[in-house]
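Enquirer: I'd like to ask you about the structure that follows.
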Amino acid sequence: MVGTTKAGSKSVRLTRLLLLVVLGASCATLRALHFEEPQVELQEINITGISLSGGTMDLILDVFNPNDYRLRGTRLEVGIDLENTHFGDALLERPLDLSPLNHNRVVVPVRFEWAGLSAGARALVTKQAVRYGLTGAVIVDTPLGDRRVTLRGSGDVPLKRLLP
């Protein structure tokens, strides 16, 4: 018959205690890892080129990552309406690196055509600010897996003119 020594018994209890501590810490870490959607705001529009058929502009987005871990974006799709007229769509498939608990500047190039733009096109030429609507989605890689975050926003945004 094999007996348990006091030293062996203490070793088993210590191992069990360490296992419980490790499991408890793992559960606490997983509970702390929750995902909050980034907040996106259109800060300004920079007109980068104008031609007879249309032009190009950069949408300057402020993306706030409310999570205490880094998010990596893998794809951004966005549609922009100006003065209640659909102006263009953009697809950004380059990596986005969103710092934790921080505001991040994201530049999204958009190409547009003048045909059918009327009020929105006049606003680009005559106003210093325009009414916008923004819709789309961004795919972010999180510690909890890929997430599709819906983007929506509206308001007035300053317009940086091509020519002063």
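The values are calculated or read from the model by the stated rules, or taken from the named source; none is laboratory data. Predicted model only: the values in this text are computed from it and were never measured. No Cβ is skipped: glycine too gets one built from the backbone with ideal geometry, and neighbour counts run over all protein chains shown.
Enquirer: From the list Leu52, Leu19, Leu61, which residue is modelled with pLDDT of 65 or more and surrounded by 14 or more Cβ atoms within 10 Å (Cβ to Cβ)?
Expert: Result: Leu61 is the single residue among Leu52, Leu19, Leu61 that is modelled with pLDDT of 65 or more and surrounded by 14 or more Cβ atoms within 10 Å (Cβ to Cβ).
Enquirer: Can you tell me which condition Thr135 does not meet? The list is (1) among the β-branched types (Val, Ile, Thr); (2) in contact with a Lys or Arg (Cβ under 9 Å, 6 or more places away or on another chain); (3) more than 24 Å from Glu36 (Cβ to Cβ), and all the others hold.
Expert: (3)
Enquirer: Take the residues in segment 97-116 that are outside any strand (DSSP E or B) and aliphatic (A, V, I, L, M), then tell me which one is nearest to Tyr132 (Cα to Cα).
Expert: At the first step, the residues of segment 97-116 found to be outside any strand (DSSP E or B) are 99-101, 114-116.
After this cut, where a residue has to be aliphatic (A, V, I, L, M) as well, the list is 101, 115.
Details: Leu101: 26, Ala115: 19 Å.
So, considering only residues that are outside any strand (DSSP E or B) and aliphatic (A, V, I, L, M), the one nearest to Tyr132 (Cα to Cα) is Ala115.
Enquirer: Scan (1) farther than 16 Å from Pro38 by Cβ; (2) outside any loop (DSSP other than H, G, I, E, B) for the single condition Arg94 breaks and write down its number.
Expert: If we test Arg94 against (1) farther than 16 Å from Pro38 by Cβ; (2) outside any loop (DSSP other than H, G, I, E, B), just (2) comes out false.
Enquirer: Restricting to segment 106-164, name every residue that is charged (D, E, K, R) and either modelled with pLDDT of 85 or more or farther than 17 Å from Thr48 by Cβ (or both).
Expert: Arg111, Glu113, Arg122, Lys127, Arg131, Asp141, Asp146, Arg147, Arg148, Arg152, Asp156
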